[in-house]
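Undergrad: Structure provided below as structure tokens; questions to follow.
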Amino acid sequence: MALTERPVLLVALLALGAIATQALVWLVRPTPEPPAFVGPPRSNYSLADFTLNSLDDQGRLSFTIVAPALARRNDDGSLWVDAPNFTITSNDGSENWKGVSDSAWVTKDGTKMLLAGKVQMHRDTEDPKRQAQVDTHDVTAWPKQNKLETQAPATITQPGSILRGTGMKADLNTHQLELLADVHATFAPKRKP
């Protein structure tokens, strides 16, 4: 055997050995387990035709939800609510805002509520001058702080005016509603005495 043939034979034997080792590893390796089916989150419980009252840290009524269905998620304790009618009460209890939305999600501790889809709210008052209606979509609410916000288009209707804009912030304790951008207003003409 010539000296030039030895290294070629050695390289060929090493390559053959590497291929055989890889084939052996491939044949004796454990078969991978198929991924377990997880599925959607499961609920601890569900309720039908219920009323939920949530209290703040001082034990005062913070908000109420009345709805046809509720499911509590097992993993984080949050609540999923279908077609809720809700009432958010001001900290001093002097004023309520009532409304409806397509669905809602509430954190376990009740500090945050996402009102999904179409949202309509109105100030619950007997005084016609203080009446207000809000029409918007996808509202994030902090009911224990009585604050709301949305990035969606919003319409605020009050006696004598209609305000339209994009995005809204509200502080129900101070009775302030603020449209954030692209605001347009329509005012009813004042009647002459």
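Undergrad: Along the charge dipole of the chain, pointing to its positive end and built from +1/-1 on Cβ of Lys, Arg, Asp and Glu, which listed residue (LEU179, VAL11, HIS122) has its Cα farthest out?
TA: It is LEU179, whose Cα lies furthest towards the positive end.
Undergrad: Any idea how far apart ASP171 and ARG130 come out in nm if each label point goes 7 Å out from Cα toward Cβ?
TA: My value for the distance between the label points is 1.8 nm.
Undergrad: Arranged by the count of other C-beta atoms within 10 angstrom, fewest first, what order do PHE86, PHE187, PHE50 take?
TA: If I rank by nearby Cβ atoms, fewest first, I get PHE187, PHE50, PHE86.
Undergrad: Okay, moving on. Given charges of +1 on the Cβ of Lys and Arg and -1 on the Cβ of Asp and Glu, with all other atoms neutral, how large is the dipole of the chain about its Cα centre, in debye to the nearest 20?
TA: Using Cβ point charges on Lys, Arg, Asp and Glu, the chain gives about 360 debye.
Undergrad: What aspartates and glutamates could a cross-link reach from LYS147, if we take a straight Cα to Cα line under 13 Å and drop same-chain neighbours fewer than 8 places away?
TA: In chain and number order, the partners are ASP171, GLU178.
Undergrad: Still on this structure, please answer the following. I'd like the FRET efficiency for THR111 and LEU24, computed as 1/(1 + (r/R0)^6) with the beta carbon distance as r and R0 of 41 Å, rounded to 0.05.
TA: Step by step, r from the Cβ atoms, then E = 0.10.
Undergrad: How far, in nm, would the chain grow between HIS184 and THR157 when pulled straight, counting 0.36 nm per residue and subtracting the alpha carbon separation?
TA: Between HIS184 and THR157, full extension yields an extra 8.5 nm.
Every read-out reported here was derived from the displayed coordinates using simple, explicitly stated rules and does not represent laboratory data. From a predicted model like this one, the values you see are computed outputs, not experimental measurements. Every residue, glycine among them, receives a Cβ derived from its backbone with ideal geometry; neighbour counts consider all protein chains shown.
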